[in-house]
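Everything below concerns the one structure shown next.
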Amino acid sequence: MAFDDETRARLRADAAEIVGRYPKARSALLPLLHLVQSEDGYVSDDGIAFCAEVLGCTETEVRGVATFYTMYKHSPAAEYQVGVCTNTVCAIMGGDQIYSDLVTHVGGDGHEPGHGEDVKSPDGKVAVERVECNAACDYAPVVMVNWEFFDNQTPESARKLVDDLRSGTPVRPTRGPGRLCTWKEASRVLAGFGDGQAADGPTAGPASLLGLKIAKERGWEAPQP
């Protein structure tokens, strides 16, 4: 999707702010990719050309970075990207079953999607994908929606989550902000433009802090150097 003049002017102002945060302009490529993704919902050809123009590099260089990281989409994403962790701990705790159930629930055609392949609901509101470990094994199995945590999921709770997202029923992440961002909004946050929710909610729950609690109760301390 080509950017019109008004959109390009707005993006240029945002890009100038992003580039200004770094001593070398090329260091701004990752947040710039999130910025253009926040516009179309994916890194479009025009988005790649825009990043190359801003940074004075080739489109091939930009595309090489954009295709390396799985957080960048190369076709339009859903409003809510539902990522199911199927790494070891989450898989053992039920992640594989959650993923399989959700693929069928949102309207998959029965084939097992490959890694990096989304299964999108007919209304385009939700897409289900596998995600790699999100360092939340103490809350396995974990589902993420636009990179926010939904802990201790079951097939039933995950299906309800997807149904609520599709119907517009407000949902709140287990940890973190009180409001769930859309995919485009989340991409803009990752570009470095906050939405005022950074300090909302607990980032570490009781399961994450249990070791610290036990250590304090027993007077354990780290060895001194």
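The values are calculated or read from the model by the stated rules, or taken from the named source; none is laboratory data. Here the structure is a predicted model, which is why all the values come from computation and not from measurement. Counting neighbours? That spans all protein chains shown, and the Cβs are built from the backbone with ideal geometry, glycine included. These accessible areas exclude ligands, DNA and RNA; they are computed on the full protein's heavy atoms, side chains included. Shrake-Rupley method; radii C 1.70, N 1.55, O 1.52, S 1.80 Å.
Against the chain, whose longest principal axis is taken from its Cα atoms, helix 206-218 shows a tilt of about 50°.
Which residue, LEU55, THR203, GLY219, has the largest displacement toward the positive end of the dipole of the chain when charges sit on each Cβ (Lys, Arg +1; Asp, Glu -1)? Looking along the dipole axis, the top candidate is GLY219.
Note on exposure: LYS216, LYS73 ranked by accessible area (1.4 Å probe, complete protein assembly) read LYS216, LYS73, with the most exposed listed first. Put simply, the amide H of VAL131, placed in the peptide plane, has neighbours under 5 Å in VAL84, CYS85, THR86, leaving out anything fewer than 5 places away on its chain.
Evaluate the charge dipole of the chain about its Cα centre and quote only its size in Debye, nearest 20, assuming +1 on the Cβ of each Lys and Arg and -1 on the Cβ of each Asp and Glu.
On the way: 22 positive and 33 negative charges, 153 e Å.
Roughly 740 debye, rounded to the nearest 20.
Return the single residue from GLY194, GLY211, GLY64 with maximal mean-square fluctuation; model: Gaussian network over the chain, springs between Cα atoms under 10 Å. In this elastic network of the chain, the residue with the biggest mean-square fluctuation among GLY194, GLY211, GLY64 is GLY211. Charging the Cβ of each Asp and Glu at -1 and of each Lys and Arg at +1, and nothing else, the dipole of region 80-183 about its Cα centre rounds to 400 debye. The solvent-accessible area of ARG8, taken with every protein chain present and a 1.4 Å probe, is close to 60 Å².
Start at zero, step by 10 Å, and the Cα-Cα distances of region 5-66 spread as 24, 62, 14 percent across the bins. Using Cα positions and a limit of under 25 Å, work out the lysines in reach of LYS184, with same-chain residues fewer than 8 apart set aside. Of all the lysines, those that pass the test against LYS184 - Cα under 25 Å, at least 8 places apart if same chain - are LYS73, LYS120, LYS125, LYS160.
Can you give the direction-averaged projected area of the convex hull of the alpha-carbon atoms in region 80-183, in nm²?
Average of the hull's projected areas for region 80-183 equals 5.8 nm².
From the coordinates of this entry, semi-axes √(5λ) of the Cα gyration tensor in Å is computed, and it appears in (i) 31, 21, 16; (ii) 29, 25, 18; (iii) 32, 25, 16 under the label (iii).
By the helix-only formula, in which each DSSP H run with n ≥ 4 contributes -39500 (n - 2.57) and the sum is divided by residues, the chain has a 222 nm mean residue ellipticity of -12000 deg cm²/dmol.
Relative to the longest principal axis of the Cα atoms of the chain, the long axis of helix 29-40 lies at roughly 90 degrees.
Derived value for region 40-132: Kirkwood hydrodynamic radius 14.7 Å. Basis is the mean of 1/r over every pair of different alpha-carbon atoms. By the rule of a second cysteine Cβ within less than 4.7 angstrom, the chain holds isolated cysteines at CYS51, CYS57, CYS133, CYS137, CYS181. Stretched out straight at 0.36 nm per residue, the stretch from GLU221 to LYS24 would grow longer than its current Cα-Cα span by 66.8 nm.
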